[in-house]
Amino acid sequence: MTDMVEIRWHGRGGQGVVTAGKLLAETALGTGQYFQAFPDYGPERMGAPIRSYTRLSSRPITIHSQVENPDVVLVLDSTLLGTVSVAEGLKEDGILLVNTGMQPQEVREITGFHTGKVFTVDASHIAIEEMGREITNTPMLGAFARATGLFDTDTLIEQVRHWFGSKVSPEIVEANIRALRRAAEEVVEG
Amino acid sequence: MSKFEALAGNEAVATAMRQINPDVVAAYPITPQTSTVQTFANYVADGLVDTEFVTVESEHSAMSACVGASAAGARVMTATSANGLALMWEIVYIAASTRCPIVMGLVNRALSGPINIHCDHSDVMGMRDSGWIILFSENGQEAYDNLIQAVRIAEHPDVLLPVAVCQDGFITSHGMERVEIYEDADVRAFVGEYRPQWSLLDLEHPKTYGPLDFYDYYYEHKRQQVEAMQHAHRVIQEVAEAFNRTFDRDYGLFEPYRLEDAEVAVVVANSTAGTAKVVVDRLREEGLKVGLLKPRVFRPFPAEELAEALAHLKAVAVMDRSISFGAMGNAGPLFLELAAALALRGVRMPMADYVYGLGGRDILPREIESVYRDMLRVAETGQVERMVTYLSVR
């Protein structure tokens with residue numbers, strides 16, 4: 001990876017959007033890359049639509065403005081599709097990855113994003129099955145790795161162990177890893 | 001061995017505070033500084049530092065506790081933002097005039113109103129005549145590095161002045177980046193042990209702090225503050241040289257970026273300087289001779305060095321993230337001071353001010369590019385159409 005990759009995350013307060021961005025930053029750190037992870041701070045309310053950004057590069061990043069034209073957009077909550085223009089500013093050849101049970105074609109119709117690549121994965125379903133709770137950030141990272149090819153899943157899993165290792169029980173860490181792996185396998189492109 | 005960590009600017013500052021291990025920290029939480037103090041409070045609770053952490057009911061009390069502890073001979077730190085700094089106001093001046101070497105992490109935020117929690121420089125610009133040394137930081141790394149240097153600058157026997165280390169609220173305070181964290185032992189060795197010369201607790205040599213000081217000696221004490229500021233100009237550079245040697249950095253009074261052969265330059269502080277570097281690189285690819293000067297030391301203002309560094313230009317723009325209301329042209333404070341510095345040294349060139357980013361309004365590369373393009377035109381014609389432009393205001 002030589003040029004900078006800019007990523008925008010959409011989710012709702014409490015869904016782990018900020019944590020997911022940080023996890024990706026930690027992964028970049030672990031693989032010797034430069035990165036930025038920053039949320040779009042407003043009033044912080046559980047359930048309110050929020051955005052967060054990640055920049056990744058092999059070279060030092062000095063730019064400190066918002067991301068206008070992301071290469072990748074991740075949507076953690078499909079109920080945002082109808083209310084937030086998630087494809088706004090997304091590069092024509094960009095990647096849109098949505099947590100939903102819908103097929104990519106349906107997402108294209110709703111979002112009006114007819115170029116680039118669209119990926120979908122039912123991360124909520126996977127999260128509930130594997131973790132018993134609808135926390136979609138780790139499965140979405142697995143789908144992200146597969147969709148973008150920027151990281152391999154094993155590198156991400158290593159980071160999840162490192163990140164969650166001291167904070168939660170080994171069972172929860174393993175459940176997160178199972179969810180991440182499944183999402184990487186089940187993500188579909190269209 | 002140093003190590004790289006993924007840290008937000010506030011966490012980087014809190015890490016420096018942990019490594020410095022001050023005797024006393026007195027602070028009150030305020031957005032966007034809060035995570036500095038919150039992170040540091042965890043270090044205190046976890047026993048990672050020996051600091052006496054004074055939880056107070058307001059910033060006025062925070063700065064008061066800092067002054068008291070500093071007069072008693074403690075190494076003292078605090079952190080705040082915007083309205084928190086405003087509430088400290090009375091004691092901010094007293095800290096400087098009492099010659100308390102307090103170090104403050106200042107996370108720049110708009111001063112209300114209307115209520116706004118996002119970045120601009122109206123908070124720090126208000127304290128520019130208070131007697132504090134003021135350093136700017138482009139990113140978390142610089143905030144971390146500046147905080148470590150600030151301790152040695154503040155406590156230098158020729159200085160004994162408080163230092164504020166600024167970084168941009170949310171943009172870098174909450175933006176996670178790669179930060180090189182040095183060994184604890186190396187940081188502690190660099191800042192050294194604080195041996196106060198004028199401790200109130202030194203009962204063998206009784207002192208008085210903060211007495212009435214009327215027309216008999218007040219004026220002389222103010223004159224001494226001037227002398228301390230003059231010394232600070234030298235000491236800041238000495239400390240930077242020592243820091244650069246120890247940690248392999250390149251700090252000075254300011255950072256020139258592709259400035260040497262430039263014909264047109266922008267002067268801008270903190271995080272926007274980083275964005276401007278991207279613009280400079282892009283315009284250089286077009287063959288345009290543009291450069292950047294990023295101020296690091298704002299107080300004491302290095303007028304002579306700035307004039308010298310900019311003297312060869314055909315035009316210069318200053319970008320100000322605050323307004324000095326009612327000042328000449330309603331311009332920003334950085335522009336006004338730099339214009340005076342150049343004029344008094346006989347450096348004549350067209351200059352313009354661009355106010356930007358108030359209340360956290362984003363500043364995009366193409367907007368900075370428009371400033372460069374304006375100035376390239378000015379360099380050709382020698383004429384400034386507008387002295388002050390409020391960039392991207394609706």
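What's the carbon and sulfur percent of chain A's accessible surface, probe 1.4 angstrom, rounded to a whole number?
The C+S portion of the solvent-accessible surface of chain A is 48 percent.
Protein chains only, probe 1.4 Å: how do B:TYR356, B:TYR209 rank by accessible area, largest first?
Sorted descending by solvent-accessible area, the residues read B:TYR209, B:TYR356.
On the accessible surface of chain B, probed at 1.4 Å, how many percent belong to carbon and sulfur atoms?
51 percent
Along Cα→Cβ, 7 Å out, is where each label goes; now give me the distance between the ones at A:VAL188 and B:ALA242 in nm to one decimal.
Those two pseudo-labels are separated by 6.6 nm.
Specify whether the C-alpha gyration tensor of chain B places it in the rounded, prolate or oblate class, a ≥ b ≥ c being the square roots of the eigenvalues: rounded for a/c under 1.5, otherwise prolate if a/b is larger than b/c and oblate if not.
The shape class here is prolate.
Over all alpha-carbon pairs in the protein assembly as shown, figure out the percentage whose distance exceeds 34 Å.
Roughly 44 percent, once rounded to a whole number.
So what is the 222 nm mean residue ellipticity for chain A from helices alone, if each DSSP H run of at least 4 adds -39500 (n - 2.57) and you divide by all residues, rounding to the nearest 500 deg cm²/dmol?
-12000 deg cm²/dmol
Between B:THR381 and B:ARG195, what length in nm is gained on full extension when 0.36 nm per residue of separation is reduced by their alpha carbon distance?
The span from B:THR381 to B:ARG195 would gain 61.2 nm if fully extended.
To the nearest 500 deg cm²/dmol, what mean residue ellipticity at 222 nm is calculated for chain B from DSSP H runs of n ≥ 4 alone, each contributing -39,500 (n - 2.57), summed and divided by the residues?
So the helix-based figure for chain B works out to -13500 deg cm²/dmol.
Where does helix B:59-71 land angle-wise versus the long Cα axis of chain B, in degrees 0 to 90, nearest 10?
In chain B, helix B:59-71 runs at an angle near 60 degrees to the longest axis.
Indicate, rounded to the nearest 5 percent, the antiparallel portion of the DSSP beta bridges found entirely in the protein assembly as shown.
So the antiparallel bridges amount to about 40 percent of the total.
In whole Hz, with x marking every Gly and Pro, tabulate ³J(HN,Hα) for the range B:115-128 from phi via Karplus 6.51 cos²θ - 1.76 cosθ + 1.60, θ = phi - 60°.
Calculated HN-Hα couplings, in order: 4, 8, 9, 9, 6, 7, 10, 5, 5, 5, 5, x, 9, 5 Hz.
Just to verify a number: FRET efficiency for B:LYS222 and B:ALA303, C-beta to C-beta distance, R0 = 22 Å, to 0.05?
0.65
Please list B:ARG394, A:ARG161, B:ARG195 in order of solvent-accessible area, largest first, computed with a 1.4 Å probe with all protein chains present.
Highest to lowest solvent-accessible surface, that is B:ARG394, B:ARG195, A:ARG161.
Looking at chain A, I'd like the Rg to Rh ratio, where Rg is from alpha-carbon atoms and Rh is Kirkwood's inverse mean 1/r.
With Rh from the inverse mean 1/r over Cα pairs, Rg/Rh is 0.93.
With a 1.4 Å probe on protein heavy atoms only, work out how much accessible surface B and A bury together, total over both chains, in Å² to the nearest 100.
1800 Å²
With a ≥ b ≥ c taken as the square roots of the eigenvalues of the C-alpha gyration tensor of the range A:21-114, please select rounded if a/c is under 1.5 and otherwise prolate if a/b is larger than b/c or oblate if it is not?
Prolate shape, in that a/c is at least 1.5 and a/b is the bigger ratio.
Suppose R0 equals 60 Å. What FRET efficiency, 1/(1 + (r/R0)^6) with r the Cβ-Cβ distance, do A:GLU109 and A:GLU174 give to the nearest 0.05?
0.95
Just tell me which lysines come within less than 29 Å, Cα to Cα, of A:LYS167; anything on the same chain fewer than 8 places away is out.
Cross-link targets: A:LYS22, B:LYS3.
For the range B:1-111, take every pair of Cα atoms, bin their distances at 5 Å starting from 0, and report each bin as a whole percent.
The percentages, shortest bin first, are 2, 13, 24, 25, 20, 10, 4, 2, 0.
Quick check on the range B:244-394: what are the equivalent-ellipsoid semi-axes from the Cα gyration tensor, as sqrt(5λ), descending, whole Å?
21, 18, 17
Report, in debye and to the nearest 20, how large the dipole of the range A:4-189 comes out about its Cα centre when Lys and Arg carry +1 and Asp and Glu carry -1 on their Cβ.
I would put it at about 420 debye.
The values are calculated or read from the model by the stated rules, or taken from the named source; none is laboratory data. Computed from a prediction, not measured in an experiment: that's the story for all the values here. Reconstructed Cβ throughout: ideal geometry from the backbone, glycine too, with neighbour counts over all protein chains shown. For the accessible areas, the whole protein counts, side chains as well, though only heavy atoms, and no ligand, DNA or RNA atoms are used. Shrake-Rupley method; radii C 1.70, N 1.55, O 1.52, S 1.80 Å.
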